[in-house]
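**Student:** Structure below; questions to follow.
None of the figures in this text is laboratory data; all of them are computed from the coordinates on show. Here the structure is a predicted model, which is why all the values come from computation and not from measurement. Please note: Cβ atoms are built from the backbone with ideal geometry, for glycine as well, and neighbour counts cover all protein chains shown.
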């Protein structure tokens, strides 16, 4: 039973345009969400996060939106650059996992390709 | 500051053999996590150490997997005996304190069981 889903395996975008990556979750106990970026042969690196008390968080070109009622979050990258080409993972954690507060539940990832 | 390191980077073994993966977290990080990604699917949690204690091992697939963290420093993950379905990329991550802080991931160990 996958609690975090990224339904788009891949996304292709032109340089300078907006990239929108989507993520859905089923566990209503999740209260903290993160996006990680992963290049080939490397481990995931943290990109941006959002707490469930917010609906938006910005960091430079990256903005994460959270819609709790829809159990949906999205990552916007504006403008997209070729160096953004990577696999993007959505992740979530819940406080009810009291013995493992930092345990992350990941989606399958979306491969983003930004064309020059 | 050195990041999370993992050894080996790749391992190819035959079914039934034993493999031991090692993770060196960032110095001073009390929290150490193991995750696994199988065949391009989601990254799945395996277990969490706080210092040398296992805080949560709910993601360990079965008793063929044994994780240790001697002295609260580096950690090993042993698979014995390995099965075909154990193939995948094993990631280690560390973070300094309990809570919502960022987890820093290592490059992973790519395990192939033939």
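**Student:** Just need the relative contact order of the stretch A:1-108 here, percent rounded to a whole number, with Cα pairs under 8 Å and 6+ apart.
**Tutor:** Result for the stretch A:1-108 is 34 percent.
**Student:** While we're looking at this one, here's another question. May I have the pair-distance distribution P(r) for chain B, computed from all Cα-Cα distances with 5 Å bins from 0 and rounded to whole percent?
**Tutor:** Histogram of Cα-Cα distances, whole percents per bin: 2, 13, 24, 27, 19, 10, 4, 1.
**Student:** I would also like to ask the following. Other chains near A:104-111: what is the mean number of their Cβ atoms within 10 Å of each residue's Cβ?
**Tutor:** That works out to 4 on average.
**Student:** Let me ask you something else. Take the Cα radius of gyration of the protein assembly as shown and divide it by 2.2 N^0.38 Å, with N its residue count; two decimals is plenty.
**Tutor:** Computed over Cα atoms of the protein assembly as shown, the ratio equals 1.01.
**Student:** Let me ask you something else. Over every pair of different alpha-carbon atoms in the stretch A:1-57, take the mean of 1/r and invert it; report that Kirkwood radius in Å.
**Tutor:** Hydrodynamic radius (Kirkwood, Cα pairs) of the stretch A:1-57 is 13.6 Å.
**Student:** Then there is this: Taking Cα pairs under 8 Å and at least six residues apart, what relative contact order does chain B come out at, in percent?
**Tutor:** Taking the mean separation of contacting Cα pairs over the length of chain B, I get 37 percent.
**Student:** How would B:49, B:7, A:65 line up from fewest to most surrounding beta-carbon atoms within 10 angstrom?
**Tutor:** B:7, A:65, B:49
**Student:** Can I ask one more? Please arrange A:77, A:50, B:13 by counting, for each residue, the other beta carbons lying within 10 Å of its beta carbon, fewest first.
**Tutor:** The most exposed by this proxy come first: B:13, A:50, A:77.
**Student:** Now for a separate question. Considering chain B as a Gaussian network with a 10 Å cut-off on Cα pairs, which listed residue, B:40, B:72, B:59, attains the greatest mean-square fluctuation?
**Tutor:** Checking each option, the largest mean-square fluctuation is seen for B:40.
**Student:** With just the Cα atoms defining each centre, how far is the stretch B:18-87 from the stretch A:43-116? Give it in Å.
**Tutor:** So the two Cα centres are separated by 24 Å.
**Student:** Could you calculate, for chain A, the ratio of the Cα radius of gyration to the Kirkwood radius, expressed as Rg to Rh?
**Tutor:** Here Rg/Rh amounts to 0.96.
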